[in-house]
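Readers should treat all values here as calculations from the given coordinates under stated rules, not as data from a laboratory. Everything numeric here is computed off the predicted structure, so don't read it as measured data. Here the Cβ positions follow ideal geometry from the backbone for every residue, glycine too, while neighbour counts run over all protein chains shown.
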Amino acid sequence: MKDIGQYDHKKVEEKYAKLWVERVLYSVKDTSGEKFSVVIPPPNVTGSLHMGHALNATLQDIICRWQRMLGKEVVWVPGFDHAGIATQYVVDRQLQEKGINRLDLGREEFLKKVWEWVPISRNAIREQLERLGVSVDWKRERFTLDEGFSRAVRYAFRRLYEEGLIYRGEYMVSWCPKDLTALSDLEVEHEEEEGKLYYIRYPLEDGSGYITVATTRPETMLGDTAVAVHPEDERYKSLVGKRVRLPLVEWKRKAMDGSEVEPIIPIIADERVKPEFGTGAVKITPAHDPLDFEIGKTHGLPFVQVMDQFARMNHNAGQFEGLDRYEARKKIVERLEELGLLEKVESHRHAVGKCYRCKTVLEPFVSTQWFLKVSDPRIRDQAIRVVKEGLIRFIPENWSKIYLQWMENLKDWCISRQIWWGHRIPVWYCEDCGHTNVFTDEDFDRVYDKLIFNLIADGKIGEEFTPEEVADLLNSPSFVHPEMTLLDFYKHFAFHKYHSTEVDANSLRLFFTQDLNPMAILTEKKSRYRYNPQKKTYRFVLRCKKCGSERLRQETDVLDTWFSSALWPFGVFGWPEATQDLQKLYPTDLLVTGFDIIFFWVARMVMMGTFFTKDIPFKDVYIHALIRDEKGQKMSKTKGNVIDPLDIVEKYGADALRFTLAILTQQGRDIRLSEKRFEGYKHFANKLWNAGRFILLNLDEDLLYNLPYGAPPRPEDLWIITKLNRTIERVNKALSEYEFSEAARELYEFIWSEFCDWYIEFSKIRLYAKPQSEDPEEEKRIKAERISAQATLLMVFEKTLRLLHPFMPFITEELWQALPTAHQESISLTQYPQFNPQEIYEEAEKKVERIKEIISSIRSLRSDLRIEPSRRIKLYYRAEESKSLVEEFMPHILSLARLESLEEVAERPPRSVAGFSKDFEFYVLAEENINLEELISSYSRRLAEVERSMETFEKRLSNENFLKKAPEEEVQRTKEALEELKGERERIQRLLTILQEAR
RNA sequence: AGGCGCGUAGCUCAGAUGGCAGAGCGCCGCCCUUACAAGGCGGAGGUCGGCGGUUCGAGUCCGCCCGUGCCUACCA
């Protein structure tokens, strides 16, 4: 007997969100058993989580909690992504709002600002994840820019470089003139736009006429160095080899190789020109168009850049210099028109590439960049094989096709970015011999040299540093784990080998006093350190591996953020160190992510994973849908249609949020979300709570001791046990197939429609039973009955809570802890219910289902007759097969159909109205004010329906082909169904006649 | 331009292996029946986008079309 009162999701959830983290429930210490490991797709530190993250986290948590309850040692690694451009963009905008320009601030100062921002975002996200109840192991939290991870990135870069898989070169890339960086092909968003196609006449040099070219970008004509036609194009065959005078350009232009280029340009033939497009003649601007770049290369054409990094016209643009590309376009078109060289302008739909971050139209731009040869068989073949052979499994399956398609058409990946926030490429160019040096800490023997190298490469200390600076830094709290020092963190995540032996505070002190003794350094030419006696600072010296020069210049570019993300599933476990974690927990078992980053991330993890670890990074890849708003629009801040998960958690609770997301997650389908959905499942949580409240209110304190004195189970007990058992089976099956929606629906259906609607109602018969006499035997019997009802309620409810726990962790925890059977620190540490074939009671199941039908049919009649629920009425019945059942379940029918009495009669009582359910026919005495019309129309509708069904069955059975060809079983089934319908029709007809007479 | 997905009740969506169309929300009616009005009980509502084909039988399999969403792509 205890009352848990009304459901207050905030109270419950806030309590456990904190408690679970404090008690470190989800940190596995002993990893000797069967493991289940997952790495979270690290959220970007760009702000806070959106609904997509909430979905992602929820689905992973459902699986992780389920696996944990199945007895596995679940390790779920959380973390964050530094998210290069995205984060830089966010901080840049914040500064702009304060009127600060990033370029004025300079790299170092700007990075400081970013490091100030990151913890703000990270804490917000952490808090959100905790509120969602995710069971990650916070002790393992990682950041893609933390010390260990950065080291892994450098290691990976070096390996790839040494294997010849990374190269540097001058190529055409997509350039964002706003973010001032190159982007990979994937970061280009193509958008269809209504543009214009300009037809421009280029006069032939000999004055014999002109050739007309068509272009969408007239401003690039200033950089034209040829006109190309298809070699087989009869219209232009005679012109090939001739030259044209480039209009407007009356000056010499400077090509990228420094040579001067005349505005007289050749007409060349190239098969890549499509004769059917435009005029069939195309202007060639090798420095500003990808195809022209290729053609320029093959034909040895000069490359003339006419724009700078801001997409402004440069010195090659003569009078147009300094104009923005679009202004230049306008001016150039005007000029051409004046000169009569603009033949016509057509409207033209075409795709333009935009920056995926800032949506600026990108400029094809020739520049020197770093590339990763992902198309190399050493990388690609494995990545294809592991998916083809099913070692990695996509769910839903069709994504593997998309993955493979993309893999087949791989192009080299531009991995360098001209931004500041990210992993600086670990390359130092020699100013003397020009050698490209790639350094990692492997190049140094002593641990402290390694350490200091890493600090420098990370930009954690400046080129010149004092020992105090280094010591302070190493003794300061780690960015990721404030309870550790930076040095601890290094030891833990990066210097596995040296763990607790060589690296400690004492040796650190010794290192600085002995090894970095200024006198020793000044006299020791080969020292790694240079001492500056004036400033009392040290410099860590790198020497060119080829010529030994100390004059090295570090590459200023940083790596594409996805380069580091690609190492995530093994980097988090300490790779490249051969840690125990790596051996035990890698490959991971599951990756849950959205389809929008299959190419960006999933594919690259597979490529890097198989390349570096010779193993797959994960076994199952569950691809979930994208969250959209109720109109099917992508949620975005600019559209203002975002639903903030924290708002929902506040208003409806994390449990409701999670359950909603789970039940809406049908495989491979986008989720349209409106706030209304959450409300419905909050009601579900409330329903569950109230069921718990009811049970607790009705449990006797001494129940657990009295269990042996309980009466044997009744059919409804066996029925609900069977129903629960079937639900257990279905939920486990659904989860094993990642059918979240199916699992959630089964739970909802069972809890609400079976347990609450029927079983609890049935149980009240025994719980509320009062002895009719003073007979002590009867009292004893009633008590025994009550015990058995309580026991079943408790047992079924307890199992149900465990079954539901992965979906709604908070409320299930709270209710479970309130049960007298609670015996564990947390419900999440108990076992997940499993199907038990012994607990299927078909006989009882059938009986109770039939009784439900009978009760419903009585309720239906009552409702049609407008008899209020509170009025207990007398009912009379006739029945054949159902008779014994009705007698057996008399109390149930009386109670749930709210009857005063139910008596068997031989004939329909006079002046009565009738209803039926199969052979069970029942009668209510008609009163003066009874409403028959509703009933008559109800029966009429029913009759029509039955007759319609009969017709289709009769037609089918009179079809010879059906009888001949359909399976015997099917024919039989149809016949039986028809017989049943016939009986029903007769009954309805009879009842209708009665009603009409009574009218 | 290719590829993928979707079109079923007013809305959001379920409907292995073809065999009497389902749920939630919304709507209508009656009820504060001592777990729950965030509730109970009862009910209405659908030519399964269109056309053709395979089949005894098609929401389900095949073809075409229409609508819609997304991904990929160097048509200047």
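Just a few scattered comments:
- Relative exposure of A:Ile40, A:Ile120, judged by other C-beta atoms within 10 Å (fewest first): A:Ile120, A:Ile40
- Centroid-to-centroid separation of the range A:526-560 and the range A:868-931 [C-alpha atoms, Å]: 97
- Phi-derived couplings, Karplus 6.51 cos²θ - 1.76 cosθ + 1.60 at θ = phi - 60°, listed residue by residue for the range A:175-192: 10, 9, x, 9, 7, 6, 8, 6, 10, 7, 3, 5, 7, 8, 9, 8, 10, 6 Hz, with x used for Gly and Pro.
- Phi to ³J(HN,Hα) by Karplus 6.51 cos²θ - 1.76 cosθ + 1.60 over the range A:65-70, Hz, x for Gly, Pro: 5, 4, 4, 4, 6, 7
- Helix A:377-388 axis, angle to chain A major axis (alpha carbon atoms, nearest 10°): 10
- Between the amide H of A:Ala281 and those of A:Ala214, distances stay under 5 Å, these residues lying 5 or more places away or on another chain, with hydrogens modeled in the peptide plane.
- Candidate lysines for bridging to A:Lys112, where Cα separation is under 27 Å - those fewer than 8 sequence places away on the same chain excluded: A:Lys98, A:Lys139, A:Lys178, A:Lys359, A:Lys450, A:Lys460, A:Lys491, A:Lys535, A:Lys536, A:Lys637
- Sequentially through the range A:832-847, phi angles give Karplus couplings (6.51, -1.76, 1.60; θ = phi - 60°) of 7, x, 10, 4, 10, x, 6, 9, 10, 10, 5, 4, 5, 4, 4, 4 Hz, Gly and Pro residues having no value and appearing as x.
- Chain A: calculated mean residue ellipticity at 222 nm from DSSP helix runs of at least 4, using -39500 (n - 2.57): -13500 deg cm²/dmol
- Nonlocal amide H pairs with A:Ile211, under 5 Å, H built at 1.01 Å: A:Tyr202, A:Leu204
- Residue exposure sequence - A:Ser856, A:Ser912 - by fewest surrounding Cβ within 10 Å: A:Ser856, A:Ser912
- Against chain A, whose longest principal axis is taken from its Cα atoms, helix A:9-22 shows a tilt of about 60°.
- Tilt relative to chain A, helix A:968-998 - C-alpha long axis, 0 to 90 degrees, to 10: 60
- Three-way shape label, chain A, alpha-carbon gyration tensor, a/c 1.5: oblate
- Taking trypsin sites (Lys or Arg not before Pro) across the range A:223-263, the ones in a DSSP loop with at most 13 further Cβ atoms lying within 10 angstrom of their Cβ are A:Arg235, A:Lys252.
- Sparse-neighbour loop sites [trypsin sites (Lys or Arg not before Pro); the range A:497-591; at most 11 other C-beta within 10 Å; DSSP]: A:Lys525, A:Lys526, A:Lys535
- For the listed peptides A:85-92, A:859-866, a ranking on the average number of other beta carbons within 10 Å per residue, highest first, reads A:85-92, A:859-866.
- Each of A:Ser174, A:Ser150, A:Ser736, A:Ser367 was scored by other Cβ atoms within 10 Å of its Cβ. Listed from fewest to most, they are A:Ser736, A:Ser367, A:Ser174, A:Ser150.
- Between A:Arg393 and A:Asp620, A:Val621, the built amide H atoms are under 5 Å apart, and every one of these is 5 or more places off in sequence or on another chain.
- For chain A, the share of DSSP beta bridges that are antiparallel, to the nearest 5, is 70%.
- Distance (nanometres) between label positions extended 7 Å along Cα→Cβ at A:Tyr429 and A:Gln834: 6.4
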